[in-house]
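Coordinate-derived values only; no laboratory data. Everything numeric here is computed off the predicted structure, so don't read it as measured data. Glycine also receives a Cβ, built like all others from the backbone with ideal geometry; neighbour counts cover every protein chain displayed.
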Amino acid sequence: MATTHASSTPEKLLWKGGIQPMKVGYGKLMMWIFLLSDTFTFSALLISYGLVRFSFPGFKDLNPGKSFSDFTFSQDWWPIPERVFEAVPFLHGVSAPLVFVGIMTFILIFSSVTMVLAVEAGHRRDKADVEKWMLWTILGGFTFLGSQAWEWSHFIHGTGGGGANLVYNEYGPAAFADFFFFITGFHGTHVLSGVVLNVLIFYNTVNGVYEKRGHYEMIEKVGLYWHFVDLVWVFVFTFFYLV
Amino acid sequence: MASHIENNSGEIAKPQTAHLWKVFFILLAVTVLEFIIAFTISADTEVGKWFKISIFIILTFVKCFYIVGTFMHLKEEVKSLIWTVVLPVIFVVWFLIALVLLEGEYIGTVR
């Protein structure tokens, strides 16, 4: 069967393999480009949060001479996050500012290190180790999602002042809750997709798909995505909870 | 367990993970430091407020450097890939600074 592939592309413009551009596989390069575009999306959300936040008066602007320790919630000024997020599961009524969000940060950083350990095991083609570390990563992902569900639920139900929805919240101007739902919600959606991808590659690893393929590059690609999700949380943590 | 053995055709190298755990503990330490700053320095004075905001932003970029550099292995990639990723991010930061410095006042008056 002598079939000839007549291509309209001139011979000199055809790339016939050889060294890969930027010395990474196509999928990995495209993952970087995708993450870059996702960076723009999250930057847009956080930049608009910052501009809207500083266009509202703060507590001290309307109460000159008072200290932040006298802070109370009002619709007139932007709330300070450590007074909004001070509840911890099983510790009802105890004021523990930012402790729960600190635990969530720890969970995500921990699942990031287990992910990179899975990538490292993939480089050594150690199937059992990849499985072990992927399971830890998946566990971390589910724990984070559960924590965020609790955080949302507590935020929505509130502490007796009417809770929060998109048009009203007991903590401050409506835009505060809107940004909370959009930014942490968009991040949570990313975590959810990350967990789905992690489960998928765990399933493939167990079935020996990557062993047959001869390399574990898929773990690396999904790993890039998972670390990015962790990275976004680092920024959300700073700009939403700390500043 | 037996099913695992048949896949181990070649010698499996020993894990080299010390530098990864080191980065994990650095990230943890920086986060703990942020907590300490958040609760020990008062934001009541202008100086305290802006000191806190700037130190938080700096520490965030420190964490960013470790996550992207070591966990995402960007430090080990070729220079052109590093710049492909870093340069657009620098433009975003530039955009943000320009927006706040040049347009910040105006946005504040029209909102």
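Tabulated results
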item	result
Where Rh is the Kirkwood radius over Cα pairs, Rg/Rh for segment A:98-243	1.09
Protection-proxy order for peptides A:52-64, A:104-116, each taking the mean of Cβ atoms within 10 Å per residue, highest first	A:104-116, A:52-64
Rg/Rh (Cα only; Kirkwood hydrodynamic radius) as it applies to chain B	1.18
Average partner coverage of B:69-76, which counts Cβ from other chains inside 10 Å	5
Taking all pairs of distinct alpha-carbon atoms in segment A:57-100, Kirkwood radius in angstrom	11.6 Å
Overall dimensions of segment A:68-142 as given by Cα atoms, namely Rg and Dmax in Å	19.1, 59
Range of Cα positions in segment B:27-74 per principal axis (Å), largest first	41, 16, 6
Average partner coverage of A:116-127, which counts Cβ from other chains inside 10 Å	5
Over 31 Å between alpha carbons, listed pairs A:Lys16/B:Lys22; A:Lys221/B:Lys14; A:Lys212/B:Lys22; B:Lys14/B:Lys79; A:Lys12/B:Lys75; A:Lys221/B:Lys79	A:Lys16/B:Lys22; A:Lys212/B:Lys22; A:Lys12/B:Lys75
Candidate lysines for bridging to B:Lys49, where Cα separation is under 27 Å - those fewer than 8 sequence places away on the same chain excluded	A:Lys60, A:Lys66, B:Lys63
Coordinate range along principal axes, alpha carbons of segment A:38-163, Å, largest first	63, 37, 24
Surrounding net charge for B:Leu27, when Lys and Arg each add one and Asp and Glu each subtract one, Cβ distance under 14 Å	0
Segments B:26-37, A:11-22, A:128-139 sorted - mean Cβ within 10 Å per residue, highest first	A:128-139, B:26-37, A:11-22
Cα extents of the protein assembly as shown along the three principal axes, largest first (Å)	85, 54, 35
